[in-house]
């Protein structure tokens, strides 16, 4: 059994509320999401570039009170994680 690194993050309440609803419907935890996103960010340059570009527009949308609708749960579900050698994960 591998050990986990304890972390603390602060999220905008509206973003977390939206994720909680989707997470319950999809049976998908925040921990699972974060782990998969980190693996993909580290190993997939296209995903990393998309996330780096998205972060600015997302922050501006949060400040203005509007959520960005360009990324839907369908686009996330339909773009699975790339195959990664097991040695990368250990």
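All of the numbers you see were taken from the coordinates with simple rules; none came from a lab. All values reported here derive from a predicted model rather than from experimental measurement. Cβ sites come from the backbone with ideal geometry, for glycine too, and all protein chains shown count toward neighbours.
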Legend entry - Gain in span if fully extended, residue 51 to residue 14, counting 0.36 nm per residue against the direct Cα distance: 11.4 nm
Inset, instruction - Describe numerically, in nm with one decimal, the distance between label points set 7 Å from Cα along Cα→Cβ at residue 21 and at residue 5. - result: 3.3
Inset, instruction - Give me 25, 40, 48 ranked fewest to most by other Cβ atoms within 10 Å of their Cβ, as a rough exposure proxy. - result: 25, 48, 40
